[in-house]
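Below is one structure, written out as structure tokens; the observations come after it.
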Amino acid sequence: MKPLLKEIRHNWLLWSLALIPLLFTCRRLEPKSHTLLFVLSAFAIVPLAALLSLATESVAARTGDAAGGLLTATLGNLAELVIALTALRAGEHMLVKASVAGAIVTNTLFVLGMSFLLGGLKHHVQEYNRVNARFQVGLLFLATVALLIPSAVGEADSVAGTAFTQKLSAALAVLLLAAYGMGLCFSLKTHHELFVSAESGERGEAPLPIGLALGTLAGVTLLVALVSEVFVDSVQQAAVSFGMTPTFVGFIVVSLVGGAAEMGSAFSGARKNRLDLSVGIALGSASQIALFVAPVLVLLSYVVGPAEMDLQFWPGAVVMMLVATMAAALVTNSGRSAWFLGVFVLMVYLIFAMTLYVLPPRGGAAPTVAHTSIYG
């Protein structure tokens, strides 16, 4: 514990970990103060992101950037899985789908684009393993196709009822999980030599011992899940105070705050010229959400939810996920990056965010979580 306490003492950003007990105290004493809880939970995510970045750097120093990125993406998505399960138990299927689609788009465009931009501003040209990037984009494209089919059939064929969509979604969920498992076997076992990181970054000595780093990763992931749950509970009411529509909140804000822990590790890796770590976190997290988290939620809805969830997303979400996948495929084709590639990817994300921000509720009704055009 001494190395961890030393890092906390010397890093002023980690001092704001004191906001976490303050957040839970306010939630217990003032559960209706949604704006206060929203602000505290959003700021409490920041030191947790820095702590996760520190632990990830320690693990990646011993396992390699590809495995480190996969581990960070997995732990980060566990937090999002816990949040989605909470909504699933309450029967909020549209909220679950919004968080899934928003997380895929945010990781593919915002995290990847910002990593390219931050790394490119410090380093003229950066290189990374193109095979790993293209592999993750291929998995993401496969998942996007699987999400497109139920949505396309449901929109085009009115005869295809709910029972058909649910059966198709369950079958696709099993298929996607099988593809994800075989992808792990391919990248970590049978062809792991293809996924070796480009050894160009600043490594140095790991700040934390491996055991302490893994324990920190697990502990921070749990805290992120708890803080994010408070954030999700308060964000819809607080959004009214800040003039944000529920559409924008569900797809953009929740995804940004929920993925803050992964972003800290990705951005830190990019600044240290370890772009394999950043690309692994961004694209690995997006493909993992699409191939693992979404199918698991569909299957778990048969057990924990009041009704079964399907994979039929609204057309706007499917289009955004498809465009995000195409943009990622375009910019990762060469295995080299500069700052303007980051600007390009971020512009696509900003176009989506601006559209969702000005998108009015359906029928001009008052903004509510359940009646917005993005969920329709």
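The values are calculated or read from the model by the stated rules, or taken from the named source; none is laboratory data. Computed from a predicted structure; not experimentally measured. Every residue, glycine among them, receives a Cβ derived from its backbone with ideal geometry; neighbour counts consider all protein chains shown. Heavy atoms of the whole protein, side chains included, go into the accessibility calculation; ligands, DNA and RNA do not. Shrake-Rupley method; radii C 1.70, N 1.55, O 1.52, S 1.80 Å.
Filtered by the rule that a residue be assigned to a helix (DSSP H, G or I) and either over 18 Å from A282 (Cα atoms) or in contact (Cβ under 8 Å) with a residue 60 or more places away in the chain (or both), segment 348-360 gives V348, Y349, I351, F352, A353, M354, T355, L356, Y357, V358. Would you mention how many residues in segment 295-336 are among the small types (G, A, S) and open to solvent by 60 Å² or more (accessible area, probe 1.4 Å)? Going through segment 295-336 one residue at a time, the tally reaches 1. A42 meets the stated requirement of being closer than 18 Å to V254 by Cα, of a type in the set (G, A, S) and touching a Phe, Trp or Tyr at 6+ places or on another chain (Cβ under 8 Å). Scanning segment 1-57 for residues that are part of a helix (DSSP H, G or I), open to solvent by less than 50 Å² (accessible area, probe 1.4 Å) and among the hydroxyl-bearing types (S, T, Y) turns up S16, S41, S53, T56.
Screening F292 on (1) more than 20 Å from R130 (Cα to Cα); (2) open to solvent by less than 50 Å² (accessible area, probe 1.4 Å); (3) of a type outside the set (S, T, Y) shows it passes everything except condition (2).
Selection over segment 257-273 of residues that are touching a Ser or Thr at 6+ places or on another chain (Cβ under 8 Å) and either basic (K, R) or modelled with pLDDT under 85 (or both) gives a count of 7. Pairing residues of segment 272-289 that are closer than 16 Å to F110 by Cβ and open to solvent by 10 Å² or more (accessible area, probe 1.4 Å) with residues that are part of a helix (DSSP H, G or I) and at pLDDT 90 or above, at Cβ distances under 8 Å and at least 6 apart in sequence or on separate chains, gives no pairs at all. Checked against the criterion of being modelled with pLDDT under 90 and more than 28 Å from A261 (Cβ to Cβ), segment 283-294 has no qualifying residue. With respect to V240, determine if the residue is touching a helix residue (DSSP H, G or I) at 6+ places or on another chain (Cβ under 8 Å) and of a type in the set (A, V, I, L, M). Answer is no for this residue. Say whether the condition of being closer than 20 Å to D276 by Cβ, out of contact with any Pro (no Cβ under 7 Å at 6 or more places or on another chain) and at pLDDT 75 or above is met by at least one residue in segment 225-239. The answer is no, given that none of the residues of segment 225-239 is closer than 20 Å to D276 by Cβ, out of contact with any Pro (no Cβ under 7 Å at 6 or more places or on another chain) and at pLDDT 75 or above. Filtering segment 337-354 to residues that are open to solvent by 30 Å² or more (accessible area, probe 1.4 Å) and either in contact with an Asp or Glu (Cβ under 9 Å, 6 or more places away or on another chain) or not aliphatic (A, V, I, L, M) (or both) leaves W339, F340, F344.
Residues in segment 322-347 that are assigned to a loop (DSSP other than H, G, I, E, B), of a type in the set (S, T, N, Q) and modelled with pLDDT of 90 or more: T332 only. Restricting attention to segment 89-113 and to residues that are assigned to a helix (DSSP H, G or I) and among the charged types (D, E, K, R), the residue that is least open to solvent (accessible area, probe 1.4 Å) turns out to be K97.
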